Amino acid sequence: MTNDENDKLLDHEYDGIQELDNNLPLWWLWTFFGAIIFGFIYWIHFSLTGDGPSLDEELTRDMAKIEQQRKQSSQAASGGASSISPDQLVAMGEKIYKANCASCHKEDGGGSIGPNLTDAYWIHGADVGAIKQVVMEGVLDKGMPPWKAILRPQEVESVVSYVISLNGDNVKDGKAPQGEKVE
Amino acid sequence: MSDNQTVQVRYDNKIVVYFMMATLIWAGAAFLFGLLAAIQLAWWPANMNLEWFTFGRLRPLHTNAAIFAFAGNAVFAGVYHSTQRLLKTRMLSDKLSWIHFWGWQSIIVAAAVTLPLGFSQSKEYAELEWPIDIAIAVVWIIFGINFFGALYRRREKHIYVAIWFYIATILTVALLHVVNSLEVPVSFLQSYPVFAGVQDALVQWWYGHNAVAFFLTTPFLGLMYYYIPKAVNKPIYSYRLSIIHFWSLVFIYIWAGPHHLLYTALPDWAQTLGMVFSLMLWAPSWGGMINGLLTLRGSWHLLRTDPIVKFLVTAVTFYGMATFEGPLLSIKSVSLLAHYSDWVIGHVHAGALGWNGFLSFGMMYYLIPKMWGREMHSKSMMNYHFWLGLSGILIYYISMLASGITQGLMWKAVDGTGYLVYPDFVETVVKVVPLYWVRAFGGLLYIAGYVVAVVNIVKTICGAEKLVNDEVVTVAVKAEKPAADHEEGAHRKLEGMVGTFSVLTFIAVLIGSVIEIWPTLSIHKYVPQSQAIHPYTALEQAGRDIYVSEGCYTCHSQMIRKHPSDVLRFGDASTISESMYDHPFQWGSKRTGPDLARIGKKYPNLWHFRHMDDPRSMVEKSIMPRYSWLLEKKVDYYSLRKKLSVLRMLGVPYTDNQVAEADRWAEAQADQIVADLKNEGVEIKRDRQIIALIAYLQSLGQKNLTNSEALSNIELAPGANSSTDKEGGEE
């Protein structure tokens, strides 16, 4: 211990423990003041004056941006005429089907929790538009989830093509028919 | 000095030794539960398909054992040892000391029995049911009386900084525990908290964050202030710093709870306060670290030669690291990435294993030779313990940091076309499973270090002559000096006035508490009619109780944050009103599995039935445990009358009829689900737990009243109630 420090030694003593009285480190003081000043300004900006956007405002703004992006990208996709062939589309759809749909409609489309997609019976109609509608919006009360928030337009396109390609397979051990027969 | 008198004091060493042994034993339990939980996340069958050891029940067992059994007993050992010496007196009463000791150990045993059996409130670190909560309060007060009694009888006028921290600990933990445990029993081992939804969330995280602050930080800072100068035989670096960082820490810490709730439905102003106070907390925390580390100036060589100093200094370094990371994680944008992820798990373990664990072991290595009058059996074993432990912590921390950032980035990733890059949640789970193995290995190393420590300690004790139960010392008692020749600073004066000191400390923690909690207590009253929601039906509430008791919150959140990545993945952001009847709230803090706030109607009943029985039958790569026993175990429908009446007392708008006929109401809805499942080819009796759980899951996110429906709909009797028909809606 230096002499200098001896000066700083306080005359307290607890069970042999003594204390120096060094000054607070300057950098430490500045981090403390800095945080307080920053905190105060932040609080004024977001809470007191309300100049800063609220979380709800931020969310609305960001969601609008995403909506915009979605619109643009789907326009771009439809505008640029589908650059992929129908076969490629079905192949892409198969992947998406296996990842998202097979748990309910079974790998081969024979149906388990969801209906059999390989028979001629349809609950919501057999045309592309109807199938697309079901896939996009789901059937909430019956447990078919909506996919529009998760799958991109082209992915929906592709999985619908794949579903149509499955249809007519009439797989063995498929689920009993549900809905109307569509010739 | 001539004006000094001497007295003989008998320090109670036996109680210290007992608390130390309890620390060692419970540490083993806490570590093993932790390791098992870690392995289960990497490989789910490690739960051996036993309901008592599924993750949802095991994790609370692990956290409670680590915090209250391991760290708690270590704190008590250190407090009982250092307080006597710092105050030059024995504790107030040996009897109280032993009631404290055995009371605390019984609480731990009660926790170890009830948690695996599924008696849990599912509020983090406050899972224990009401009879145990009462026992905790009583034992804590006994500890307080014993401690403040000793303070009153002290032979040292002024109190040292370690004692300040002990005072803050005892007062604040009592406050936190009592407020967060306000609950109404429905049966011997079940209760509903009086707070609901956002209130419960705020109170819980005010408690949860400050359990870290006042159970795992302030008492350990107190221990640091005693054992570091003792171990290195040097004066504390700066008395001024002690004063400033003590008061700022105590005042600021209490505000920081809402940083656990950023981007949630908690009102913005509270989130902002939580964030800015967390940032301000950085410097006060580092004040403690600086005072600990700089006390070593000129003695750094001890780091190489003295294992005790190694443990203590590393502990303080981890404290510094964790208290830098804490404010960082509280920044809103960082929280967005890290919250619900494994990063937070890494963060707490740097604190728990590094700061609390190493400080406890350092302290024990200092105390054991003193207690048994004999050097530690082997110095090299202490070094092995140190290096095994340190590598364990680093591997643990780094793997969880990597996993957390991976999860956060994958969850958040939205591509330029406005869609999620990884829409399939399981993909983000599978990705981090290898890191779960690495983490488990880190834990294993830490345990290996612990085993070395136990062997070393046992050998030391076995070779010792005999434990000295009472240590008799002669201490000097300073006579009061006349004020004239000795000017005292204001704070110095305060250190001589323990009553005033304690009151000021208590006021310091009350300010933040009241400002944050008070306004939220009336928040549900102002929910606009258009946003009001239906309470759960009787069956749904029964299912909710199962969800709570199984601890699903350990893997699932129910809080969709106000951010596009959450909204795109899980649906509209959660609102305050949606959880207004949730006693307790189940917003959760971890997403090992996906958020469930809007799981209702996403899947058919049959999907849930199969998924709960065996998640892999629906989601091939799932790591969720099986819950097959839900297909066997029964729901006690009759008890729903009591439950609903308690809930009504707490403000849930059930009608007389709904309460009086709760069981029949539930059975009617159960019949619908049973019929639906039967349609799909599954036969199951209506009194099985799975039916109630499915009803609950299907109701999540489905409770909003549409604008046209008036709140008064709820007043209708069951059966005639349009809302019940709608909720049952699987016809």
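The values are calculated or read from the model by the stated rules, or taken from the named source; none is laboratory data. As the structure is a prediction and not an experimental result, all values here were calculated from the model. Heads up, the Cβs are rebuilt from the backbone with ideal geometry, glycines too, and the neighbour counts pull from every protein chain shown. Just so you know, the surface numbers come from the protein's heavy atoms only, side chains and all, with ligands and any DNA or RNA stripped out. Shrake-Rupley method; radii C 1.70, N 1.55, O 1.52, S 1.80 Å.
Stretching the chain fully between B:Val514 and B:Thr317 yields a gain of 67.6 nm (0.36 nm per residue, less the alpha carbon separation). Using the Cβ of A:Arg152 as centre and a radius below 11 Å, the other residues enclosed give a net charge of -1, where K and R count +1 and D and E count -1. The residues of chain B have, on average, 34 Å² of accessible surface per residue, using a 1.4 Å probe with all protein chains present. The label-point distance for B:Asn49 and A:Ile44, in a model that sets each label 7 Å from Cα toward Cβ, rounds to 6.5 nm. Its Cα centre serving as origin, the protein assembly as shown has a Cβ charge dipole (Lys and Arg +1, Asp and Glu -1) of approximately 2220 debye.
Accessible area buried by the pairing of A and B, both sides summed with a 1.4 Å probe, works out to roughly 5700 Å². Once you reduce the stretch B:100-123 and the stretch A:129-183 to the center of their Cα atoms, the two points are 51 Å from each other. Tell me, what is the FRET efficiency for A:Ile150 and B:Glu680 to the nearest 0.05, using R0 = 22 angstrom and their Cβ-Cβ distance as r? E(calc), rounded to 0.05, equals 0.30. For B:Ile236, the residues 5 or more places off, or on other chains, whose built amide H falls under 5 Å of its own are A:Gln18, A:Glu19, A:Leu20. The length gained on full extension between B:Arg10 and B:Glu375, counted as 0.36 nm times the residue separation minus their Cα-Cα distance, comes to 129.1 nm. Ordering B:Asn49, B:Leu221, B:Asn180 by Cα displacement along the dipole of chain B toward the positive end leaves B:Leu221 in first place; charges were set at the Cβ atoms of Lys, Arg (+1) and Asp, Glu (-1). Using R0 = 35 Å, the C-beta based FRET efficiency linking A:Ala76 and B:Ser187 works out to 0.05.
Exposure here means at most 14 other Cβ atoms within 10 Å; with chymotrypsin sites (Phe, Trp or Tyr not before Pro) in a DSSP loop as sites, the longest stretch of chain B lacking them is B:301-637.
Computed over the stretch B:299-479, the quotient of the alpha carbon radius of gyration and 2.2 N^0.38 Å is 1.38. Here the stretch B:556-666 is treated as a sphere whose radius is the Kirkwood value from Cα pairs; by Stokes-Einstein at 4 °C and 1.567 mPa s it diffuses with a coefficient of 78 µm²/s. Distances between every pair of Cα atoms in the stretch B:155-238, grouped in 10 Å steps from 0 to the bin holding the largest one, split as 16, 33, 25, 15, 10, 2 percent.
For chain B, the ratio of Cα radius of gyration to the globular rule of thumb 2.2 N^0.38 Å stands at 1.00. Backbone geometry of the stretch B:436-450 corresponds, through the Karplus equation with coefficients 6.51, -1.76 and 1.60 at θ = phi - 60°, to 3J(HN,Hα) couplings of 5, 5, 4, 4, 4, 5, x, x, 4, 4, 4, 5, 4, x, 4 Hz, x marking Gly and Pro.
Placing a pseudo-label 7 Å from each Cα along the Cα-to-Cβ vector at B:Leu521 and B:Leu303 gives an inter-label distance of 4.9 nm. Of the trypsin sites (Lys or Arg not before Pro) found in the stretch A:101-183, those in coil by DSSP whose Cβ has at most 12 other Cβ atoms within 10 Å are A:Lys172. Across the stretch B:191-198, rounded Karplus estimates of 3J(HN,Hα) from the backbone phi angles (6.51 cos²θ - 1.76 cosθ + 1.60, θ = phi - 60°) give 8, 10, x, 5, 8, 10, x, 5 Hz, Gly and Pro being marked x. Relative to its Kirkwood radius, the Cα radius of gyration of chain A gives an Rg/Rh of 1.46. So how far, in whole Å, is the C-alpha centre of the stretch A:27-43 from the one of the stretch B:216-275? Cα centroid of the stretch A:27-43 versus Cα centroid of the stretch B:216-275: 16 Å apart. The Cα atoms of the protein assembly as shown give a gyration tensor whose axes a ≥ b ≥ c have a/c of 1.5 or more with a/b greater than b/c, which makes the shape prolate.
With R₀ set to 22 Å, the beta-carbon distance separating B:Glu488 from B:Arg155 gives a calculated FRET efficiency near 0.75.
Under 5 Å between amide hydrogens, built in the peptide plane, is the criterion, and for A:Met144 it picks out A:Val139 among residues at least 5 positions away or on other chains. Applied to the stretch B:209-218, the Karplus parametrisation 6.51 cos²θ - 1.76 cosθ + 1.60 on θ = phi - 60° returns per-residue 3J(HN,Hα) values of 5, 7, 5, 5, 6, 9, 10, 10, 10, 4 Hz, with x for Gly and Pro.
Is the shape of the stretch B:529-728 rounded, prolate or oblate, going by the alpha carbon gyration tensor and its root eigenvalues a ≥ b ≥ c, with a/c under 1.5 for rounded and a/b larger than b/c for prolate? It comes out oblate by the Cα gyration axes.
Taking each DSSP H run with n ≥ 4 as -39500 (n - 2.57) and averaging over every residue of the protein assembly as shown yields -19000 deg cm²/dmol at 222 nm. Counting only Cβ charges, +1 for Lys and Arg and -1 for Asp and Glu, the dipole size of the stretch B:529-728 around its Cα centre is about 600 debye. Database remark: amide H of B:Val477 closer than 5 angstrom to the amide H of B:Gln5, B:Thr6, B:Val7 (H placed geometrically; neighbours at sequence offset of 5 or more, or on other chains; Pro and chain starts carry no H). All other residues whose Cβ lies under 13 angstrom from that of A:Met92 are scored, Lys and Arg at +1 and Asp and Glu at -1, for a net of -1.
Plainly put, the stretch B:612-669 has a radius of gyration that is 1.21 times its Kirkwood radius, both from alpha-carbon atoms, as the Rg/Rh ratio.
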